[in-house]
Amino acid sequence: MDFDLSQVRAFVVTAELRHFGKAAARLHLTQQALSKRVRRLEQQLGEALFVRDSRGVELTGAGARFLTHAMSLLTIAEAAAADTRAVSRPVRVDVWGHLHPP
């Protein structure tokens, strides 16, 4: 299964804040864009992840089970990106002299 990390991130932040408006603000998205990301993730998984009402949102059973995995996905993706950027090239030194040809 191919996960879109922006959808997974939208789910995790919404689950943490239990509010679409606050989650959208934290992610610098419109509430409509955030809702679409979560809805696409729910369609891909075939399960509702939130119970929505006028006061906010709550996780469904499927949402609660997916949350730990979603957080792990984001942690692994961030670690992979950081590890890739952290690779440095070894220093190469050429020694010139009568004992060591170039």
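The values are calculated or read from the model by the stated rules, or taken from the named source; none is laboratory data. Please read these numbers as outputs of a predicted model, since none were measured by experiment. Here the Cβ is made from the backbone with ideal geometry for all residues, glycine too, and neighbour counts use every protein chain on show. For accessibility, only protein heavy atoms count, side chains too; no ligands or nucleic acids. Shrake-Rupley method; radii C 1.70, N 1.55, O 1.52, S 1.80 Å.
Computed values, structure above
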| item | result |
| --- | --- |
| Test item: Cα-centred dipole of the chain, Lys/Arg +1 and Asp/Glu -1 on Cβ, debye | 320 debye |
| Karplus 3J(HN,Hα) series, Hz, for the range 61-74 with 6.51 cos²θ - 1.76 cosθ + 1.60 (x for Gly, Pro) | x, 5, x, 5, 5, 6, 4, 4, 5, 4, 5, 5, 4, 5 |
| Residue-normalised accessible area of the chain, expressed per residue, 1.4 Å probe, Å² | 73 Å² |
| DSSP-assigned coil residues among GluC sites (Glu not before Pro) in the range 1-100, each with at most 14 further Cβ atoms within 10 Å | Glu47 |
| Relative contact order (%) - the chain, alpha-carbon pairs under 8 angstrom, separation at least six | 23 percent |
| Taking all pairs of distinct alpha-carbon atoms in the chain, Kirkwood radius in angstrom | 16.0 Å |
| Qualifying trypsin sites (Lys or Arg not before Pro) for the chain [loop in DSSP, other Cβ within 10 Å: at most 12] | Arg55, Arg92 |
| Those chymotrypsin sites (Phe, Trp or Tyr not before Pro) in the range 6-93 that DSSP places in a loop and that have at most 14 other beta carbons within 10 Å | none |
| His69, His19, reordered so the largest accessible area comes first (probe 1.4 Å) | His69, His19 |
| Accessible surface of the chain, 1.4 Å probe, proportion on carbon and sulfur as whole % | 54 percent |
